[in-house]
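The values are calculated or read from the model by the stated rules, or taken from the named source; none is laboratory data. This structure is a prediction, so every number in the text was calculated from the model and none was measured. Here the Cβ positions follow ideal geometry from the backbone for every residue, glycine too, while neighbour counts run over all protein chains shown.
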Amino acid sequence: MSTNAPECGWDQAVFRCGRCGAQNTATTEADYLKAIDTHSDAHAVWDRLNPIERDGITSILRTILSAPELALELLALADRQSARGQGRQAAPPTGRTPTATQATAAPSITIRLDF
């Protein structure tokens with residue numbers, strides 16, 4: 001005698017962030033785990049930014065995410081510039097020899113979008 005018992009499992013799960021209150025509903029375990037990982041990564045990046053950087057990245061993301069073709073063109077432009085060795089603009093000559101600290105300092109990038 002055999003019975004056909006239904007599979008045990010769940011049909012959906014809701015992830016609620018204790019830090020910011022965000023909620024995400026997933027229908028598979030893989031999607032649920034991905035949502036948790038992605039949200040945790042977003043918090044990790046956000047926590048490293050200062051308020052000015054947060055405003056800048058938010059503005060950039062709103063612009064790029066609203067125009068996927070712009071994002072593709074920016075990535076293509078970055079790839080072309082990088083291939084030509086034009087990844088960043090050189091500082092204008094000052095007539096002075098940089099100190100050891102200045103010569104090894106990490107480059108700083110500032111992006112400003114005014115809307």
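Miscellaneous remarks
- Unmet criterion (only one of (1) modelled with pLDDT under 95; (2) exposed (fewer than 10 other Cβ atoms within 10 Å of the Cβ); (3) not charged (D, E, K, R)) for GLN12: (2)
- Among the residues of this structure, GLY95 does not count as one that is at pLDDT below 90 and touching a helix residue (DSSP H, G or I) at 6+ places or on another chain (Cβ under 9 Å).
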